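Colleague: The structure's right below; bear with me while I get my questions together.
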Amino acid sequence: MIKLIAFNEKDIDVLTPIMKSAFDEDSHIHLNGQDGGPDGYDNGDFLRKWFMHPRAVPYTIYLDGQVIGAVNLWINTATQDNRLGCLFISPEYENKGIGRQVWTDIERMYPDTHCWYTETPVFSQRNHNFYINKCGFHCIRIDNPKDYMNGQFILRKTMK
């Protein structure tokens, strides 16, 4: 059973190694064995900066009572154009439909959303597959498409 519970500061210590593992796994697959992720992904600074931000709407992801990941949203109640900032799940739970279920739950939680936006690295083909083929996002732009390390797919999902 998957649950999304409001993220709080005490979750940082539990989630930092999960985040490091998830981002390193993606980097290993796509970047020839390198570790890597956004600044602070490996020491809790990323979670402190973005998940504890006053306008962030973060959740810790639980499976059968165990913490397995987190998701950070940015909800704009004025326009209902919302943003998925970050979603990660422990590699041991990947490819089991959990990410898709988490996304379905988020869509149900925010039924007034007009559009969802997110971005993901050019190199991360697994993320492209997840967001486009599993969650229904469309690529609307590629920033720095020739820069394999720093380029970004900009994605949007228009809700009905």
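Colleague: Whether any residue in the range 68-90 is under 24 Å from Leu15 (Cα atoms), within 12 Å of the chain's Cα centre (by Cα), of a type in the set (D, E, K, R) and surrounded by 12 or more Cβ atoms within 10 Å (Cβ to Cβ) is what I want to check.
Modeller: For the range 68-90, residues under 24 Å from Leu15 (Cα atoms), within 12 Å of the chain's Cα centre (by Cα), of a type in the set (D, E, K, R) and surrounded by 12 or more Cβ atoms within 10 Å (Cβ to Cβ): present.
Colleague: Same structure, new question: Of all residues being polar (S, T, N, Q) and under 25 Å from Pro54 (Cβ atoms) in the range 1-27, which is modelled with the lowest pLDDT? Just the residue, please.
Modeller: Asn8
Colleague: Inside the range 115-160, can you point out the residues that are within 24 Å of Gly33 (Cβ to Cβ) and in contact with a Ser or Thr (Cβ under 6 Å, 6 or more places away or on another chain)?
Modeller: Of everything in the range 115-160, those that are within 24 Å of Gly33 (Cβ to Cβ) and in contact with a Ser or Thr (Cβ under 6 Å, 6 or more places away or on another chain) turn out to be Asn127, Phe153.
Colleague: Still on this structure, I have one more. Does Asn43 satisfy being of a type outside the set (Phe, Trp, Tyr), in contact with a Pro (Cβ under 7 Å, 6 or more places away or on another chain) and closer than 20 Å to Ile12 by Cα?
Modeller: Criteria not met by Asn43.
Colleague: Return the only residue of Gly65, Gly40 being modelled with pLDDT of 95 or more and either under 23 Å from Val122 (Cα atoms) or buried (at least 18 other Cβ atoms within 10 Å of the Cβ) (or both).
Modeller: Gly40
Colleague: Determine which single condition Lys3 fails, assuming it passes every other condition in (1) within 22 Å of Glu107 (Cα to Cα); (2) touching a residue at least 24 places away in the same chain (Cβ under 8 Å); (3) crowded, with 18+ Cβ neighbours inside 10 Å.
Modeller: Exception for Lys3: condition (3).
Colleague: Can you tell me how many residues in the range 78-94 are at pLDDT 95 or above, out of contact with any strand residue (DSSP E or B) (no Cβ under 6 Å at 6 or more places or on another chain) and over 14 Å from Ile106 (Cα atoms)?
Modeller: 4
The values are calculated or read from the model by the stated rules, or taken from the named source; none is laboratory data. Every value quoted in this text rests on a predicted model; they were computed, and no experiment measured them. Every residue, glycine as well, gets a Cβ built from its backbone with ideal geometry; the counts of neighbours run over all protein chains shown.
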